[in-house]
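Notes follow the structure.
The values are calculated or read from the model by the stated rules, or taken from the named source; none is laboratory data. Since the model is a prediction, treat every value here as computed from it, not as a measurement. When we count neighbours, we look across all protein chains shown, and the Cβ atoms used for this are built from the backbone with ideal geometry, even at glycine.
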Amino acid sequence: MTLVYAGLTSHAPGMTGRAHMVENTNERDLLYAALDQQRQEIQDSGAEALIVVAAEHFANFFMDNMPAYCIGIGEYHVGPIEDPAWLKIEKTTIPGAPALAGAIAQEVLQSVDIAYAEEWKCDHGIMVPLHFLTPKYDLPIIPMNINCQGPPLTPLSRAWAFGEAVRRACDASSSKIALIGTGGISHWPATPDSGKINEAWDREFLDRLTRQDKAALLSYTDSETYQDAGQGGFEIRTHIAAAAAAGGPCHVQFYTANLPIFAVGCTVARFSVH
Amino acid sequence: MSLYQVQKLLYNLNRDEQCKEQYTNDKMTLLRSYDLTDDEREALSQGDIGLLYVMGVNGQILMHYAAFLGIEWFDYLELMRKGITEHGPVRAGVYAMTGGGRSFTKEREIS
Ligand SMILES: [Fe+2]
């Protein structure tokens, strides 16, 4: 067993870029404290590399050739693609883990037809989690992307299968590996409805993760998700993949729907790795 | 309608420094290298966030473009609402406005 940590982290450009616009600074600081605890947990796990199961926003992939799943196996990654002043994260180079990532990709391919990429640009979907979790950008990162931007979308059952395959690949390695899934639950980002959050839907989704209710987690249809959780809700794929990789129940360490300027309900959680 | 081409231009612009340079220094050459309608070329030339939103440009692509143009957060949200008032509902994609134009964030003056 070499998956030494698995967790969930929300991402949103506002979490860094609009931190100064938050009215409820107490809630914001509780979020930041939870993220700092998560940083510590990853560090304490002894992880030698961090897999980030992300849902990117057109940093690498476009509709000319959109992979459902892609693993970054390059020597390094760069980001953010966004204006650093807007995101409030400086442009930087992040170490990759080419040998390990290549071996993981090879193993995952036994059951899931992924793409791979030796070049990877990170947008806020990866940069914001890393800003909090590996602020010195000194931990090798293996980015993995699930297309959550729009249809045709990979089914939730395949996101689960992808997570299981990643886990199998981790177990076949002698390296200590941490994994986070990063997405939003319900949200309507980058629309005039930015800040809209369906808290009840979020809490029900987190409850399904906590109960390890796979059937319930995979039962959402994309049209229901779009209706109840917005197009941002398609990103539950990253959480489902992380749950499948972990194999144990989710422990929600922090959740708030009270930071609408961040445009997402903010979650910090860890899984028992079984 | 060549929404795909509009988005492709913005995708490249958002992630590529050379493309940003060209947009800044020689916008017309950049715009000519994509298969755009006159309306689309005009919207991109003007940085017309409202119209591009209504055309159905993916919100993430449009948000990064608005940031590149230096548009402040609440102005950007307002430009999308204004686009809907002027041009009608979003015509394509999954980034439609669902909240009737109301704000879901408490707005505050920033010093
Ligand atoms: Fe996202």
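Computed quantities for the displayed model
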| quantity | calculated |
| --- | --- |
| Flag for A:ILE185 being within 16 Å of the ligand (Cβ to nearest atom), in a loop (DSSP other than H, G, I, E, B) and at pLDDT 95 or above | yes |
| Filtered residue count, region B:64-111, keeping only those that are within 16 Å of the ligand (Cβ to nearest atom), out of contact with any Asp or Glu (no Cβ under 9 Å at 6 or more places or on another chain) and assigned to a helix (DSSP H, G or I) | 0 |
| So A:ALA269, is it more than 16 Å from the ligand (Cβ to nearest atom) and part of a helix (DSSP H, G or I) | no |
| Answer from A:PHE205, A:PHE254 - the residue that is within 16 Å of the ligand (Cβ to nearest atom) and either away from chain B (no Cβ under 14 Å) or aromatic (Phe, Trp, Tyr) (or both) | A:PHE205 |
| Filtered residue count, region B:6-32, keeping only those that are more than 10 Å from chain A (Cβ to nearest Cβ), under 19 Å from A:PHE62 (Cα atoms) and loosely packed, with under 14 Cβ neighbours inside 10 Å | 1 |
| Matching residues, region A:58-100, being under 17 Å from A:CYS148 (Cβ atoms), within 10 Å of chain B (Cβ to nearest Cβ) and not hydrophobic (A, V, I, L, M, F, W, C) | A:ASN60 |
| Any hit, region A:18-26, residues being buried (at least 19 other Cβ atoms within 10 Å of the Cβ), within 16 Å of the ligand (Cβ to nearest atom), under 14 Å from the mean Cα position of the chain (by Cα) and not in a helix (DSSP H, G or I) | no |
| Among the candidates A:ILE261, A:ILE240, A:ILE236, residue that is touching a Lys or Arg at 6+ places or on another chain (Cβ under 6 Å) and crowded, with 24+ Cβ neighbours inside 10 Å | A:ILE261 |
| Matching residues, region A:142-161, being more than 15 Å from the ligand (Cβ to nearest atom) and within 13 Å of chain B (Cβ to nearest Cβ) | A:PRO151, A:PRO152 |
| Condition met for B:ILE49 (touching a Phe, Trp or Tyr at 6+ places or on another chain (Cβ under 7 Å) and at the interface with another protein chain (Cβ under 7 Å from one of its Cβ atoms)) | no |
| Single condition B:GLN22 does not satisfy, out of (1) closer than 20 Å to A:LYS91 by Cα; (2) without any contact (Cβ under 8 Å) to a residue 12 or more places away in the chain | (1) |
| Residues satisfying the stated conditions in region A:208-235, i.e. under 30 Å from A:ASP44 (Cα atoms) and either within 11 Å of another protein chain (Cβ to nearest Cβ) or in contact with a Cys (Cβ under 6 Å, 6 or more places away or on another chain) (or both) | A:LEU209, A:THR210, A:GLU235 |
| Elements of type helices (runs of 4 or more DSSP H) in region A:196-260, at least 3 residues being under 26 Å from A:THR16 (Cβ atoms) | A:199-210, A:236-246 |
| Residues of region B:1-60 satisfying the condition of being hydroxyl-bearing (Ser, Thr, Tyr), more than 19 Å from B:ALA96 (Cβ to Cβ) and in a helix (DSSP H, G or I) | B:TYR11, B:TYR23, B:THR24, B:THR29, B:SER45 |
| Test: residue in region A:36-43 that is assigned to a loop (DSSP other than H, G, I, E, B) and free of Cβ contacts under 8 Å to residues at least 60 places away in the same chain | no |
